[in-house]
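The values are calculated or read from the model by the stated rules, or taken from the named source; none is laboratory data. Since the model is a prediction, treat every value here as computed from it, not as a measurement. In this analysis, Cβ positions are derived from the backbone assuming ideal geometry, glycine residues included, and neighbour counts consider all displayed protein chains. All accessible areas refer to the heavy atoms of the entire protein, side chains included, with ligands and DNA or RNA removed. Shrake-Rupley method; radii C 1.70, N 1.55, O 1.52, S 1.80 Å.
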Amino acid sequence: MERTLRAVFLDRDGVINRCRLIAGKPYPPQTVEELELLPGVRSACAELRRAGFMLIVVTNQPDVARGKQTLEGVQRLHARIEQELPLDSIRMCPHDDADRCACRKPQPGMLLEAAAERHIDLTRSFMVGDRWKDIEAGRQAGCRTVWLENLYAETKPKYPDLTVGSLAEAVHWMVELSGQPGGNPA
């Protein structure tokens, strides 16, 4: 089957919702009560959907493997996010670096799997993230990449296609670069 659909792959923490910064390192919310969508995310997602993009969250959640969060806790957070935003799916890697899985970013496994299942053209798609691992996963998958610049005390990504401060700032660029609106079922 021809791959004609296009998607915006979104990291979760720092892209969709606010992270807690501790000593320059981002940490995810632990409970639904701590979950706070970032300003402009709802309208940005709505605009991307109107432009014909699928919206797929791809998130590393190593706190599950580290015993700091339960799988059920992460699923509750995802259920809440799905209530708030017009997403097509949320894909999660619960592994830690030592597991060496294909799904943990910077590996492109979650993007490649979604593309195969949903017939997504990765060359017409985007990966939006706030960490170098997100950008590298997008590059390896063949997507254009958008880095949300942050104040994290960690490695910065190499060669993102666009650097902005928020998802909302990237929407116009992604829509313009992908050509005319449409092409995906609503």
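Here are the numbers for this structure:
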item	result
Average projected area [Cα convex hull, segment 59-128], square nanometres	5.3 nm²
Volume per residue of the C-alpha convex hull in segment 1-85, rounded to whole Å³	125 Å³
Assigned charges on the beta-carbon of Lys, Arg, Asp, Glu; segment 32-186 dipole about Cα centre (debye)	320 debye
Compactness relative to 2.2 N^0.38 Å, alpha carbon Rg of segment 90-155	1.11
Kirkwood Rh (inverse of mean 1/r, distinct Cα pairs), segment 1-44, angstrom	12.4 Å
Accessible surface of segment 38-136, 1.4 Å probe, proportion on carbon and sulfur as whole %	48 percent
Centre separation in Å (Cα based) which lies between segment 5-64 and segment 76-132	11 Å
Three semi-axes of the equivalent ellipsoid, segment 1-158, Cα gyration tensor, whole Å, largest first	23, 18, 16
Principal axes of segment 72-186: Cα extent on each, largest first, Å	42, 31, 26
Calculated FRET efficiency for the pair Tyr152/Arg42, C-beta based, R₀ 25 Å, to 0.05	0.55
Cysteines without a disulfide-compatible neighbour (Cβ-Cβ under 4.7 Å), the chain	Cys19, Cys45, Cys101, Cys143
Relative contact order of segment 1-100, defined on C-alpha pairs under 8 angstrom at six or more residues apart (%)	31 percent
For segment 41-175: relative contact order, % (alpha-carbon pairs under 8 angstrom, 6 or more apart)	20 percent
